[in-house]
Amino acid sequence: MKTVLNVIWLILCGLWMCLFYLFAGVLLCVTIIGIPFGLASFRIGLFALWPFGRKAVERGDAGAPSLIGNILWLILAGWWLALGHIFTGLLLCVTIIGIPLGLANFKMIPISLLPLGREIVPTDEPFTAASFGTPAPSGPQGPPPGGQGW
């Protein structure tokens, strides 16, 4: 199912988003001070190309430079990118077929807001709410509190 959704995503919006992020990354890498932001843009672009089956997680070793860079990114570009993902996600959610694609756009909001100190990792989860940041139920947790169970 992830492959089918990724192919539909690639055709409808993933390719364009990837090209936009890669172009912005090249422009940012022209200057020395923009290289970390350009690398973050490349990371987001590759994530935008094939988002189903992957998620963005925070790195544990990110420190103060990532925080300062994220504040600059948020002020200069992050909120514009997040608004674009919200708007596109809402438009895609208008149709039933577009709902998974709209949810993938919503999944990209956190990394477009604060990209530094994050990495993209594969997930082995099926297409569920957990792939969008909501924890999925992990099965039976034992008997209910105060009772013997079944």
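The values are calculated or read from the model by the stated rules, or taken from the named source; none is laboratory data. All figures in this text were calculated on a predicted structure; none of them were measured in a lab. Don't worry about glycine lacking a Cβ; one is built from the backbone with ideal geometry, like all the others, and counts go over all protein chains shown. Only protein heavy atoms, including side chains, enter the accessible area calculation; ligands, DNA and RNA are left aside. Shrake-Rupley method; radii C 1.70, N 1.55, O 1.52, S 1.80 Å.
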Cβ neighbours within 10 Å, averaged per peptide: list 30-37, 48-55 in order, most packed at the top. 48-55, 30-37
Could you calculate the FRET efficiency of I97 with F20 from 1/(1 + (r/R0)^6), where r is the beta carbon distance between them and R0 is 25 Å, rounded to 0.05? 0.60
Theoretical gain in end-to-end length, I68 to L90 [0.36 nm per residue, Cα-Cα removed]: 4.9 nm
Could you please report the charge total around I111, scoring K, R as +1 and D, E as -1 over all other residues with beta-carbon less than 14 angstrom from its beta-carbon? +4
Leaving out ligands, DNA and RNA but keeping every protein chain, what accessible area does V26 have, in Å² rounded to the nearest 10, with a 1.4 Å probe? 80
What is the set of long-range amide H partners of R54 at a cut-off below 5 Å, with H atoms built 1.01 Å from backbone N? T123
Solvent exposure, largest accessible area first (probe 1.4 Å, DNA, RNA and ligands not counted), of L116, L19: L19, L116
Can you pull the accessible area of L46 for me, 1.4 Å probe, Å² to the nearest 10? 100
Quick check on region 33-78: what does the Kirkwood estimate of hydrodynamic radius come out to from the alpha carbon pairs, in Å? 11.8
So how exposed is E119, as accessible area in Å² (1.4 Å probe, rounded to 10)? 80
